[in-house]
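Participant: Please find one structure pasted underneath; my questions will follow.
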Amino acid sequence: MKNVKLPLIIFLCVVTLVVSGCNSMIVNNTPAQIPQNGSEIYTIAMSINPDGTYSVPNSCSARIVIDGEIHKMDKNNDFEYSYDYARSSDQHKVNYYYEVDYRKKVNGNVRQKSKRSKLYSLTIINRYVVGFESNRGVPGSTITLLGRGFEKGDYVEIGDVPCETTFVSPNALSFVVPILDHNNKHHAKLVSDNGDIGLGIFHIDRVSFHTNLSSINLESGEKQVLVITINFDAPQEGIEIDTTTNIPDSVIMKDIFIPAGTRSTSVVIKGGIAGSGMLYLTAAGFEELKIPVEVISSNEGTNATIDDGIDDD
């Protein structure tokens, strides 16, 4: 029976210590973050838990220590105190703690006591994001981000890709939607020296190529110029277009690349061995473009030598 009682007694002791430890005399009533206001005055408030702490009425006084400076707190009633902190600089975060003096009867004698709280932090928020003008767009389109407290050097990042961002004002940034492949839903964030802010999900829709030819019809050895156009300026790294075909012996052409800052490029296509099939153009963030191709034998017959034949244009 003794073995059963001993663990129970230990358990009750532990519970008592935990509960008493949570019953703090000083209770902070100030949120960790407060939005910036025009007057730059921010009320910091606390209250005293009087349960068994002191027995001499009206014996409490309180002060607050902010970044090492001591300030007397105003007494709102017997148990509540406040201090109006006037911010005098652009400091966004301040550290503070409370000190309370009170008198307590101990064995019939009145003694002066003091209590100090733990350290707290107050962050004054002078920047926030309202949201995107639109939370989706195609690559190359310009989107506006609205908010407050933006600074030069802030930029938007979508899917871990930094966007070309323009500082419009402290309340607006504009950015160019990047070219991204795979999933069209990407996490976005505002990157800043003052701390990053998550912006949620941004939807990037695929775009299409435009060409001057809806189909390609050639004789063996004949050439045609294919012009590929997009609706926005190519990014700094340019756009590399992957070209494949199911009739590789019939289509002779060079790689396709749209240079940075341009919207179009051209490539010479030369007919090879007779055949019919498809030419496929793909690139990150673009819909695949399929162009029908037919190559017929020339008048000289099908034994003509086939080479790239592109450089002599």
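The values are calculated or read from the model by the stated rules, or taken from the named source; none is laboratory data. Quick caveat: nothing in here was measured; it's all calculated off a predicted structure. Glycine also receives a Cβ, built like all others from the backbone with ideal geometry; neighbour counts cover every protein chain displayed. The area values use the complete protein model at the heavy-atom level, side chains included, leaving out ligands, DNA and RNA. Shrake-Rupley method; radii C 1.70, N 1.55, O 1.52, S 1.80 Å.
Participant: If the requirement is being modelled with pLDDT under 95, among the acidic types (Asp, Glu), open to solvent by 20 Å² or more (accessible area, probe 1.4 Å) and farther than 22 Å from ILE143 by Cα, which of these qualifies: ASP308, ASP196, ASP205, ASP233?
Facilitator: Exactly one of ASP308, ASP196, ASP205, ASP233 is modelled with pLDDT under 95, among the acidic types (Asp, Glu), open to solvent by 20 Å² or more (accessible area, probe 1.4 Å) and farther than 22 Å from ILE143 by Cα, namely ASP308.
Participant: I would also like to ask the following. Could you please let me know if GLU240 is open to solvent by 70 Å² or more (accessible area, probe 1.4 Å), at pLDDT below 95 and touching a strand residue (DSSP E or B) at 6+ places or on another chain (Cβ under 7 Å)?
Facilitator: When the stated conditions are applied, GLU240 passes them.
Participant: Let me spell it out: the conditions are (1) surrounded by fewer than 13 Cβ atoms within 10 Å (Cβ to Cβ); (2) more than 36 Å from the chain's Cα centre (by Cα); (3) of a type in the set (Val, Ile, Thr), and VAL100 meets all of them except one. Which number is the exception?
Facilitator: Of (1) surrounded by fewer than 13 Cβ atoms within 10 Å (Cβ to Cβ); (2) more than 36 Å from the chain's Cα centre (by Cα); (3) of a type in the set (Val, Ile, Thr), only one is false for VAL100: (1).
Participant: Then there is this: Is there any pair linking a residue in the range 80-92 that is acidic (Asp, Glu) to one that is open to solvent by 60 Å² or more (accessible area, probe 1.4 Å) and assigned to a loop (DSSP other than H, G, I, E, B), with Cβ under 8 Å and at least six apart or on different chains, and which?
Facilitator: That search, which allows pairs on different chains as well, returns GLU80/ASN29.
Participant: Filter the range 144-153 down to residues that are modelled with pLDDT of 95 or more and open to solvent by less than 20 Å² (accessible area, probe 1.4 Å), then give me how many there are.
Facilitator: 1
Participant: Look through the range 16-39, keep the residues that are farther than 26 Å from ASP90 by Cβ and open to solvent by less than 50 Å² (accessible area, probe 1.4 Å), and return whichever of them is modelled with the lowest pLDDT.
Facilitator: The residue in question is MET25.
Participant: Continuing with the same structure: When you scan the range 40-73, how many residues do you find that are at pLDDT below 90, open to solvent by 30 Å² or more (accessible area, probe 1.4 Å) and of a type in the set (Ser, Thr, Tyr)?
Facilitator: 3
Participant: Of all residues in the range 250-267, which are of a type outside the set (A, V, I, L, M, F, W, C) and either out of contact with any Phe, Trp or Tyr (no Cβ under 8 Å at 6 or more places or on another chain) or open to solvent by 40 Å² or more (accessible area, probe 1.4 Å) (or both)?
Facilitator: The initial filter retains those residues of the range 250-267 that are of a type outside the set (A, V, I, L, M, F, W, C), namely 250, 254-255, 259, 261-266.
Residues satisfying the conditions are SER250, LYS254, ASP255, PRO259, GLY261, THR262, ARG263, SER264, SER266.
Participant: Residues of the range 75-86 being under 33 Å from the mean Cα position of the chain (by Cα) and buried (at least 16 other Cβ atoms within 10 Å of the Cβ), which ones?
Facilitator: Matches in the range 75-86: TYR85 only.
Participant: Any idea how many residues of the range 103-156 are part of a strand (DSSP E or B) and over 36 Å from the mean Cα position of the chain (by Cα)?
Facilitator: Narrowing the range 103-156 to residues part of a strand (DSSP E or B): 103-106, 109-116, 120-125, 128-132, 136-137, 142-148, 155-156.
Checking the rest, the ones that are also over 36 Å from the mean Cα position of the chain (by Cα) come to 103-106, 109-116.
Of the residues in that region, 12 qualify.
Participant: Testing ASP181 on (1) among the charged types (D, E, K, R); (2) part of a strand (DSSP E or B); (3) open to solvent by 40 Å² or more (accessible area, probe 1.4 Å), one condition comes back false. Which one is that?
Facilitator: For ASP181, the failing item is (2).
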